[in-house]
Amino acid sequence: MSVSTISLAVSLLRAGRLVGIPTETVYGLAADATNSAAVRRIFAAKGRPGTNPLIVHVPDAAVARRYAANWPEAASRLAEAFWPGPLTIILPKAPAIVSEVTAGLGTVGLRVPAHALTLELLREFDGPLAAPSANRSTRISPTTARHVRDELGDAVDLILDGGACTIGIESTVLDLCGDRPRILRPGGLSQAEIEQIVGPVEYGFAHTDASRPAASPGQQLVHYAPTTPAFRFLSTQKPGMLAHAGAAGGAAAVLALTSVELPGGRLVQMPVDPLAYARTLYHTLRELDSADLRAIYVELPPDEPQWMAVHDRLRRATVLLPAE
Ligand code: AMP
Ligand code: MG
């Protein structure tokens, strides 16, 4: 990326405009986190409810400290271990972060993304950038610059093309405001990795497995979702899935983990490694979503901790195939 493109991005951001940025997780839609009007543009472009706070991106832990009203020792240790990387830390916020960013909360989510281009941008900009995923609200997160353009069109003033995202799923959100660290959203960094640094963590989200319907309506929140009807199914539900897909004629796709004999339609064999699966999930869903299908079926991975982030996304992107 030429120096002049970064300079252009910086001037746009200083003028309160929106820039699409690459990160290792997914592409972000960035604006100056100290400028209310700029931040409101993010919500407008995404159609995002103002009640859903944004993550603030900074170039390193030293800068992160400026935007937190206090900085516990656990934050230092986590930053040392995992930044730059897919971990967002929630802390009491400093006044410089405008209330639109945090949806009026007294806390802020801070993260240092692991992408050379965006780190360069953050250093040049020399301020905090609020950046949610660069998709329309509730839709599939973008993992290439092209996806951002397809999603947001002219609503984004410039997109920095940093190639395909290497992690492909959002950051893990960890709340450090309570007595014990709490995972609010599972993501690119695993619970086990976090626990190695800060000991046992709690959960602030329902981590019931994806093979059951959500226990309460709040957890059925549609998110990361294709517009094509999408169903998740257990490996034991294969016959039911095939019958269901049969009704769609050839216009169905299956994202399989084990072997599936699909008479018609599109069979996508997904990686059996959770990290490789996460890297390709959104890209695959997006491609299938534009393929004029009547249904997409996703075989659920095993109910194991290393699949927690993928389960979380699948639970919100799909509905559970009804039992026969
Ligand atoms: P996205 O920007 O689309 O990756 O989503 C950001 C995620 O971080 C959402 O799940 C937010 O609810 C969460 N988040 C951001 N800031 C805060 C905060 N101050 N407190 C709790 N959650 C937050
Ligand atoms: Mg998002």
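Things worth noting here:
- Number of the condition not met by Ile89 [criteria: (1) within 26 Å of Leu281 (Cα to Cα); (2) surrounded by fewer than 18 Cβ atoms within 10 Å (Cβ to Cβ); (3) touching a strand residue (DSSP E or B) at 6+ places or on another chain (Cβ under 8 Å); (4) not polar (S, T, N, Q)]: (2)
- Hey, Arg111 surrounded by 20 or more Cβ atoms within 10 Å (Cβ to Cβ), under 22 Å from Arg316 (Cβ atoms), at pLDDT below 95 and within 16 Å of ligand 2 (Cβ to nearest atom) or not: no
- Counted residues, segment 50-94 - those being of a type outside the set (Lys, Arg) and over 22 Å from Glu124 (Cα atoms): 21
Yes/no matrix, rows are residues, columns are (1) more than 16 Å from ligand 2 (Cβ to nearest atom); (2) out of contact with any strand residue (DSSP E or B) (no Cβ under 9 Å at 6 or more places or on another chain); (3) modelled with pLDDT of 90 or more; (4) closer than 22 Å to Ala278 by Cα:
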site	(1), (2), (3), (4)
Ile194	yes, no, yes, yes
Asp209	yes, yes, no, yes
Arg212	yes, no, no, yes
His223	no, no, no, yes
Ala243	yes, yes, yes, no
Ala247	yes, no, no, no
Leu262	yes, no, no, no
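- Selection over segment 288-303 of residues that are surrounded by fewer than 19 Cβ atoms within 10 Å (Cβ to Cβ) and either assigned to a strand (DSSP E or B) or hydrophobic (A, V, I, L, M, F, W, C) (or both) gives a count of 1.
- Taken over segment 45-77, the residue count meeting the criterion of being more than 21 Å from Ala116 (Cβ to Cβ), touching a residue at least 40 places away in the same chain (Cβ under 8 Å) and small (Gly, Ala, Ser) is 6.
- Qualifying position, being modelled with pLDDT of 95 or more, touching a helix residue (DSSP H, G or I) at 6+ places or on another chain (Cβ under 8 Å), over 23 Å from Ala68 (Cα atoms) and within 11 Å of ligand 1 (Cβ to nearest atom), among Ala164, Ala134, Ala130: Ala134
- Boolean, Cys165 is within 30 Å of Arg41 (Cα to Cα), over 18 Å from the mean Cα position of the chain (by Cα) and not in a helix (DSSP H, G or I): no
- Answer from Ala291, Ala323 - the residue that is over 30 Å from Asn52 (Cα atoms) and in contact with a helix residue (DSSP H, G or I) (Cβ under 8 Å, 6 or more places away or on another chain): Ala323
- For segment 17-67, residues that are surrounded by fewer than 24 Cβ atoms within 10 Å (Cβ to Cβ), within 16 Å of ligand 2 (Cβ to nearest atom) and assigned to a loop (DSSP other than H, G, I, E, B) total 8.
The values are calculated or read from the model by the stated rules, or taken from the named source; none is laboratory data. Everything numeric here is computed off the predicted structure, so don't read it as measured data. With ideal geometry, Cβ positions are generated from the backbone for all residues, glycine too; neighbour counts draw on all protein chains shown.
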